[in-house]
Amino acid sequence: MSDTSINSHVAVLNIKKCLGCGECIDICPTDAIPPLLGLYSALLEIDKTKCNGCGECIPICNHNAIKLVESSNRNFK
């Protein structure tokens, strides 16, 4: 985990729920959510090395595609 970590959690994305709206991209204070193939591709990724676990992205996601997990368990379940 990077030095930007503020807690022991990181955000993870459920790609089955993500519609690629991009709302989470602008809200992330550490730029940990870059689009992979463009804003409307429905393919987003959370960079675990940049994520500080703040959780700002969770309430902005209307599709419940993002949640915080302990940094040792990065699988979305």
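The values are calculated or read from the model by the stated rules, or taken from the named source; none is laboratory data. The structure displayed is predicted, hence computed values, not measured ones. Heads up, the Cβs are rebuilt from the backbone with ideal geometry, glycines too, and the neighbour counts pull from every protein chain shown.
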Original post:
Here are some residues: Ile27, Ile33. Which one is closer than 14 Å to Ala65 by Cα, under 12 Å from the mean Cα position of the chain (by Cα) and either modelled with pLDDT under 90 or surrounded by 14 or more Cβ atoms within 10 Å (Cβ to Cβ) (or both)?
Top reply: Ile33
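Is there a residue in segment 37-56 that is at pLDDT 85 or above and acidic (Asp, Glu)? Before you say what the answer is, go through the steps one by one.
As a first pass, look at segment 37-56 and keep what is at pLDDT 85 or above: 46-56.
Now drop any that are not acidic (Asp, Glu), which leaves 47, 56.
Yes: segment 37-56 contains one or more residues that are at pLDDT 85 or above and acidic (Asp, Glu).
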Original post:
Which residue pairs have Cβ atoms closer than 8 Å, lie 6 or more positions apart in sequence or on different chains, and pair a first residue in segment 28-44 that is outside any loop (DSSP other than H, G, I, E, B) with a second residue that is modelled with pLDDT under 70 and not basic (Lys, Arg)?
Top reply: Pro35/Ser41; Pro35/Leu43; Leu44/Leu36
Original post:
Where residues in segment 5-24 are in a loop (DSSP other than H, G, I, E, B) and touching a Gly at 6+ places or on another chain (Cβ under 9 Å), which of them is modelled with the highest pLDDT?
Top reply: Ser8
